[in-house]
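Each reported figure results from applying straightforward, stated rules to the coordinates on display, with no laboratory input. All figures in this text were calculated on a predicted structure; none of them were measured in a lab. Glycine gets a Cβ as well: all are built from the backbone with ideal geometry, and neighbour counts include every protein chain shown.
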């Protein structure tokens, strides 16, 4: 067994690290040895093994099933920002079933940061998103009321378990052309904890996405909360040429919906002030 941690690290973390390497070569659903078996294998107490198992559970790498044992967890939902996928498309592409439960379909009030005029009538579409029947995210969308009426989006349509907002738009000739997206990590609210079945103090990934049609029409403004154990983000990054004269920046300048502030595109650090720290 190969251990990547310092020999001075707590023993339970060393065991967790060894188990991570083992899990990497196993398929999801594989049953792991019991805690007594692991305690004998690593020559430690069951308490130490239990802490290692708890660490891997918190990281979403394994799942416990009452009366059955401990198993390798499904891979987290992986999303690449180079292509705009709906939640349903991303889940189905990974070979799983995406459904949702409608929490709210009602008028919404304008809030700062929304790309709508103050006098536009807005609609709130709040959904609990499920993968193979397990709640993993909450999506709260704010839509134009006129757009909903024009596309025939009603409570009855949105309540269908297999409803996909992007698919609904595309079936009516409205293609999502571009989007801006921002991610932050934060503690889950009590309401979101209850919906997603999270423990007190759990961290979630909060995602804000504004989606646009090719002509600049706002299609969807969603504030989403994901169980952080089930969400990862991948990005392809290009290093700007020291001269600053590269083709990538020239192309970015021609996209009106790309959020480029202060001439900067790609990852951003901060904010460092209290006003924006809460996300």
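For the peptides 212-218, 53-59, 21-27, 166-172, the ranking by mean Cβ contacts within 10 Å, running from highest to lowest, is 53-59, 166-172, 212-218, 21-27. Let me know the shape class of the stretch 149-217, please: from the alpha-carbon gyration tensor, a ≥ b ≥ c as square roots of the eigenvalues, rounded when a/c is under 1.5, otherwise prolate if a/b is greater than b/c, or oblate. Cα axes put the stretch 149-217 in the oblate bin. Look at 91, 157 and count the other Cβ atoms within 10 Å of each Cβ; fewest to most, that gives 157, 91.
Report relative contact order for the stretch 11-72 in percent, whole number only (criteria: Cα-Cα under 8 Å, sequence separation at least 6).
Relative contact order of the stretch 11-72: 45 percent.
The calculated FRET efficiency for residue 175 paired with residue 145, based on their beta-carbon distance and R0 = 22 Å, is about 0.55. Where a ≥ b ≥ c are the square roots of the eigenvalues of the C-alpha gyration tensor, would you call the stretch 77-235 rounded, which needs a/c under 1.5, or, failing that, prolate if a/b is larger than b/c, or oblate? Taking the square roots of the gyration eigenvalues as a ≥ b ≥ c, the stretch 77-235 is rounded.
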